[in-house]
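Below is one structure; the comments refer to it alone.
The values are calculated or read from the model by the stated rules, or taken from the named source; none is laboratory data. Predicted, not measured: the structure shown is a model, and the values here were computed from it. Note that we place each Cβ from the backbone using ideal geometry, even for glycine, and neighbour counts take in every protein chain shown.
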Amino acid sequence: MEPKRLFDAIALQLEKKPLPDMLVGKSGGQWKKYSTAEIAETVNQLSAGLLSLGIGPNDMTTEGRDKVAIISKNRPEWVILDLAVQQIGALLTPIYPTINVNELEFVLNDAQAKVIFVNDEDTFHKVLSIKSRVPS
């Protein structure tokens, strides 16, 4: 197999040299390792979940592809979501966690994000506060 897309690297690594620690991140003050097999399974499950929500590539143009937003600090789950979104042909819209509410509303409306993933409860409440002003 010759990888052509970033998410192809997971299958290649599974085939050639699966790692016990493909990604590592701190959670609750402890280091958590994610094996290649865990990453592959999680990316595939997340891709399936997004597809079941109707998220996808549509006409494959930049404008036509569904957008999935993420507001998160740097963590393994960010990479996992990015790979899942790429795998289904949608586009990821990364947003800095320090964004203010007015800018967040603008970015989400401009991108026409269909779904958003957040890092923590405070960010969740920030998103909820503008949900009614973001039709997509």
### Query
Is it the case that residue 123 is modelled with pLDDT of 95 or more, under 16 Å from the mean Cα position of the chain (by Cα), among the hydroxyl-bearing types (Ser, Thr, Tyr) and over 21 Å from residue 8 (Cα atoms)?
yes
### Task
Among the residues of region 57-82, count how many are surrounded by fewer than 15 Cβ atoms within 10 Å (Cβ to Cβ), of a type outside the set (D, E, K, R) and in contact with a Lys or Arg (Cβ under 9 Å, 6 or more places away or on another chain).
2
### Task
With the condition kept exactly as written, say whether any residue in region 120-133 is closer than 26 Å to residue 21 by Cβ and of a type in the set (Lys, Arg).
no
### Query
Regarding residue 45, is this residue surrounded by 15 or more Cβ atoms within 10 Å (Cβ to Cβ) and of a type in the set (S, T, N, Q)?
no
### Task
Mind checking which helices (runs of 4 or more DSSP H) fall wholly inside region 1-98 and carry at least 1 residues that are within 30 Å of residue 134 (Cβ to Cβ)?
36-52, 76-88
#### Entry: All positions within region 98-114 that are touching a strand residue (DSSP E or B) at 6+ places or on another chain (Cβ under 6 Å) and of a type in the set (D, E, K, R)
none
## Note on the structure
Here the qualifying pairs (Cβ atoms under 9 Å; residues six or more apart or on different chains; first in region 81-103 and at pLDDT 95 or above and of a type outside the set (Phe, Trp, Tyr); second surrounded by fewer than 16 Cβ atoms within 10 Å (Cβ to Cβ) and in a strand (DSSP E or B)) come out as 82/94
### Query
Does residue 10 satisfy being of a type in the set (Val, Ile, Thr) and either loosely packed, with under 12 Cβ neighbours inside 10 Å or in contact with a Ser or Thr (Cβ under 8 Å, 6 or more places away or on another chain) (or both)?
yes
### Query
Among the residues of region 112-135, how many are surrounded by fewer than 13 Cβ atoms within 10 Å (Cβ to Cβ) and not in a helix (DSSP H, G or I)?
2
